[in-house]
Each structure stands twice: as C-alpha cells, then as structure tokens.
1. Looking only at the stretch 298-324, count every residue that is part of a helix (DSSP H, G or I) and among the charged types (D, E, K, R) and tell me the total.
2. Does at least one position in the stretch 274-283 carry a residue that is within 22 Å of Leu113 (Cβ to Cβ) and away from ligand 3 (no atom under 16 Å from the Cβ)?
3. Looking at the stretch 241-257, can you tell me whether even one residue there is open to solvent by less than 20 Å² (accessible area, probe 1.4 Å), within 16 Å of ligand 3 (Cβ to nearest atom), of a type in the set (A, V, I, L, M, F, W, C) and within 19 Å of the chain's Cα centre (by Cα)?
4. Looking only at the stretch 74-103, count how many residues are open to solvent by 20 Å² or more (accessible area, probe 1.4 Å) and either under 17 Å from Glu261 (Cα atoms) or within 16 Å of ligand 2 (Cβ to nearest atom) (or both).
5. Return the residues of the stretch 1-49 that are in a loop (DSSP other than H, G, I, E, B), of a type in the set (Gly, Ala, Ser), within 16 Å of ligand 4 (Cβ to nearest atom) and on the phi < 0 side of the Ramachandran plot; say none if nothing qualifies.
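The values are calculated or read from the model by the stated rules, or taken from the named source; none is laboratory data. In this text the structure is predicted, and so the values were computed from the model without any measurement. Quick reminder, even Gly has a Cβ in these numbers, built from the backbone with ideal geometry, and neighbours come from all protein chains shown. The accessibility values were calculated without ligands, DNA or RNA, using every heavy atom of the protein model including side chains. Shrake-Rupley method; radii C 1.70, N 1.55, O 1.52, S 1.80 Å.
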Amino acid sequence: MAFNPLDEQGLPLQAQFRNWNDLNVAPYDKDKVDPYTRTRVILMNGVEVEAIVFSHQFARNTDNPEIRNALALSRRVEQQQQKAVNGLNPGDQTPLETTIGFEQVAVDLTSWLARHEPDPMLKQALDFALLEDFDHLYRYANLYDLIDGGDATDLTGRLTEITPGRPTILEHRHPIDDVRGHYSTHTVDPLSRLHVMTIVAAEQNTMNFYMNHGTDWIEPIARGLYAEIAMIEEQHVTHYESLIDPLDTWLKQLVFHEYNEVYLYWSMLQQESDTRIRALWELHLDMEIGQLHAASALLRKFEGVDPEEILPPALPDVPLTFEPNKQYVRDILESQYDLRADGVRYVRLDELPDDHRYFEYQATVNAGGTPSETVIDETRSERGRDFRDESEGPNPIDSLRRMVEVKD
Ligand SMILES: [Fe+2]
Ligand SMILES: [Fe+2]
Ligand SMILES: [Fe+2]
Ligand SMILES: [Fe+2]
C-alpha cells in the first residue's frame with residue numbers, strides 16, 4: 001500500500017527529546033544477534049551521523065537566525081537518535097568484529113541498491129565499488145583469523161561469501177579518477193536519489209570508523225591494513241558523493257535528508273526480527289516524520305516551495321532490504337573484475353595506456369609493500385591457507401582461486 005509520509009502526523013519535533021536512560025540502551029548479544037540486525041544498526045548509525053554532519057555544515061553556511069535555531073533543535077534530536085542506535089553495539093564486540101559488520105553492510109547494501117537502481121550510470125557506480133568492499137571483507141576476515149584466531153563466519157552467519165574481489169592493492173587510484181559525473185536533480189528518479197544518499201552515508205561512516213579505529217591495535221599488520229583500506233573508503237566517499245547534484249539548495253537537501261531517514265526506518269522495521277529493536281525503528285520512523293514536517297515548513301517559508309513539489313507522492317513500494325546477494329556479487333565479479341576508472345569513465349585494464357596516472361599512483365603507494373597482500377601472506381604461512389567462505393563454489397576468477405585446495 002502506498003505510504004506517503006507527508007500525509008502522516010508523526011511525532012512533533014518539539015516533543016522528541018529523550019532522557020539518558022532512553023539513550024543508554026541495552027546492547028544486543030553479539031553471539032545471538034541476527035547478522036542483518038548488526039548491519040541495520042551499522043547502517044542507521046551512519047545515516048544519523050550524516051544527518052548531524054550535514055546539519056552542522058548547513059548551520060555554518062546560513063545567516064538566517066530562524067533556520068539556525070531550527071537546525072540546532074533538529075540536530076540535537078538527531079544526536080539523541082544516533083546514541084540510541086549506536087548504543088545497540090555491545091562493548092564486547094571488538095572494533096575488528098564491528099569492521100567485518102561494516103564490510104558486510106557494504107556488500108549487501110551496495111548489491112541490493114545496484115539490483116534495484118533504475119539509472120544505468122548509477123548502477124555502474126555501485127557495481128564498481130561493490131567489488132572493492134567485497135575484497136575488504138576478505139582482507140579483514142584474514143586479519144581476524146591471523147591476530148585473534150577468529151572465524152568471520154560467526155559474524156556474517158554465512159549470509160555473505162568471503163573470497164577475494166577486485167584486490168585491494170589494485171583499487172588505489174589517482175584522486176581525479178574517483179570523481180564522477182552527477183545526476184540532474186530535475187530528472188533523477190526519486191528512488192535513485194534515495195539510493196545515492198544512503199550509500200554516501202554508509203561509506204562516509206565506514207571512512208570515519210577506519211579513520212578513528214585504525215590505531216586500536218598493537219600489531220603493525222593491523223594498523224597498516226586499516227590505514228590502507230581507510231584510504232579506499234576516502235575514494236569511495238569521493239566517488240559516491242560526486243554523483244549527487246550539487247545545485248539543490250541547502251533547505252531542499254535538508255528535506256531530502258529527512259525523507260531518506262523516513263524511508264530507511266520504514267524499511268528497517270519491516271524486516272527486523274528483534275522485537276525490542278523493531279520498536280526503536282518504529283519510534284524513530286515517527287520522529288523522522290515529525291522532522292520532515294519541520295524541514296518542509298522551513299522550505300515553504302523561506303523558498304516558497306511545497307515539499308510535494310520535490311518529493312514523490314509515496315515511498316518506494318519495496319523497502320530497502322538486507323538479504324544475501326551471493327550470485328549477484330559473483331556475476332559482477334566475473335564481468336567487471338578488470339574494470340578501472342579513467343576520469344569519469346570506466347574502462348578495461350588493457351585499455352589504459354602504460355603512462356596513465358593510475359600506474360604512477362600505484363607505484364608510489366605500493367612501493368615498499370602493501371598490507372592487504374601481507375595479511376594474506378602471513379595468514380597462509382601461519383595457517384597453511386588463507387581464510388575464505390566460498391559457499392557457492394570456487395572464486396569465479398581463475399587468478400583469485402586458491403592455488404592449493406584445502407579441506408576446512
Ligand atoms: Fe535521524
Ligand atoms: Fe570497504
Ligand atoms: Fe567502501
Ligand atoms: Fe532526521
């Protein structure tokens with residue numbers, strides 16, 4: 001049934017403050033949690049962080065006291081929402097275990113978005129970076145095995161395969177090869193706008209997480225791997241944010257942010273298996289509807305634009321869903337493994353001229369060894385094999401298969 005948040009009342013923004021007990025939520029049990037509940041928590045934390053960072057940037061770029069006050073009010077609530085969501089992560093879940101959750105988000109969120117993306121240009125952008133995050137999952141799973149003796153499938157629940165993607169060592173590109181062309185705000189499918197805003201928030205929070213947790217370890221291999229992959233997440237944020245039309249006004253962008261939060265909480269609650277957490281998604285949906293009305297009032301007052309003019313008549317029919325995408329990832333790996341970027345274009349590796357800046361950048365950053373390769377070499381020498389979870393068979397790319405088959 002069509003759901004139009006503009007027709008719903010929601011919780012009025014003025015009634016949204018909560019107390020410390022509400023924010024200090026009981027965490028989930030990391031051994032019992034549905035892996036996709038963990039990914040929903042990671043995603044929605046990233047979406048709240050984006051709402052907060054965007055609001056701060058807006059506040060620094062407007063001289064209108066009424067808008068600044070309205071932003072301070074809604075931002076305080078977004079901060080409370082972020083605490084209530086992020087607080088679901090338990091303290092005995094190590095940063096590396098959370099990291100494996102982040103890359104599972106990246107794989108299954110990106111795949112789902114790509115499968116449902118109507119614009120071929122945007123689908124290509126998603127498929128391109130998908131293979132890179134898929135490889136990160138493999139690298140971190142090996143680090144987890146190597147330094148903690150951990151089994152990453154305890155975290156992924158075998159819902160997402162673990163095997164090499166486009167190898168991380170090959171993902172390092174010159175900065176200008178990560179800047180894409182953007183959609184037009186006047187013609188973009190509303191679904192595409194939601195997709196791009198969601199992946200920007202998710203990748204940005206992965207970037208932030210690795211920026212801040214990369215030094216939580218003593219082992220040089222762990223510190224090196226986080227430094228290396230953090231730089232790819234910088235590339236991914238550059239890549240995805242460049243898809244957004246920068247010509248929307250700040251107020252329109254604010255309305256789009258609130259609308260996307262509505263869409264995502266509405267999506268999360270429909271698939272949530274944990275009834276306690278489902279109640280939080282429901283509450284936050286109600287709150288976001290109230291925030292959407294507050295943002296819409298500003299848009300009406302200061303730009304004379306009704307929200308109906310820039311928003312679709314209803315939310316998408318299908319909620320954004322975390323589910324396995326194993327065959328989809330395999331198909332993309334098989335067909336796009338050797339894609340590279342040349343400015344705004346995607347090309348095959350053999351189409352890049354020998355003097356392309358890609359090779360020069362590669363030679364600079366990979367001089368003296370590359371942690372994403374070292375972690376595999378060290379795991380192989382310690383365990384006699386690298387760590388994989390290939391439930392659907394050997395890796396579709398010959399050169400990414402295990403050289404020696406091992407029995408696990
Ligand atoms: Fe929010
Ligand atoms: Fe990643
Ligand atoms: Fe990424
Ligand atoms: Fe919001």
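1. First, pick out the residues of the stretch 298-324 that are part of a helix (DSSP H, G or I): 298-303, 307-310.
Then drop every residue that is not among the charged types (D, E, K, R), which leaves 300-301, 303, 308-309.
Qualifying residue count, the stretch 298-324: 5.
2. Just the residues of the stretch 274-283 that are within 22 Å of Leu113 (Cβ to Cβ), to begin with: 281.
This time we only want the ones that are away from ligand 3 (no atom under 16 Å from the Cβ), so: 281.
Yes, some residue in the stretch 274-283 is within 22 Å of Leu113 (Cβ to Cβ) and away from ligand 3 (no atom under 16 Å from the Cβ).
3. So far as the stretch 241-257 goes, yes, one or more of its residues are open to solvent by less than 20 Å² (accessible area, probe 1.4 Å), within 16 Å of ligand 3 (Cβ to nearest atom), of a type in the set (A, V, I, L, M, F, W, C) and within 19 Å of the chain's Cα centre (by Cα).
4. Applying the first criterion (open to solvent by 20 Å² or more (accessible area, probe 1.4 Å)) to the stretch 74-103 yields 75-76, 79-80, 82-83, 86-87, 89, 91-92, 94-95.
From what is left, the residues that are either under 17 Å from Glu261 (Cα atoms) or within 16 Å of ligand 2 (Cβ to nearest atom) (or both) are 75-76, 79-80, 82-83, 86, 95.
Residues in the stretch 74-103 being open to solvent by 20 Å² or more (accessible area, probe 1.4 Å) and either under 17 Å from Glu261 (Cα atoms) or within 16 Å of ligand 2 (Cβ to nearest atom) (or both): 8 in total.
5. Start the filter on the stretch 1-49 by keeping residues that are in a loop (DSSP other than H, G, I, E, B), which leaves 1-4, 8-12, 16-19, 24-34.
Next cut, of a type in the set (Gly, Ala, Ser) only: 2, 10, 26.
In the following step, the residues that additionally are within 16 Å of ligand 4 (Cβ to nearest atom) were identified as 10.
Within the stretch 1-49, none qualify.
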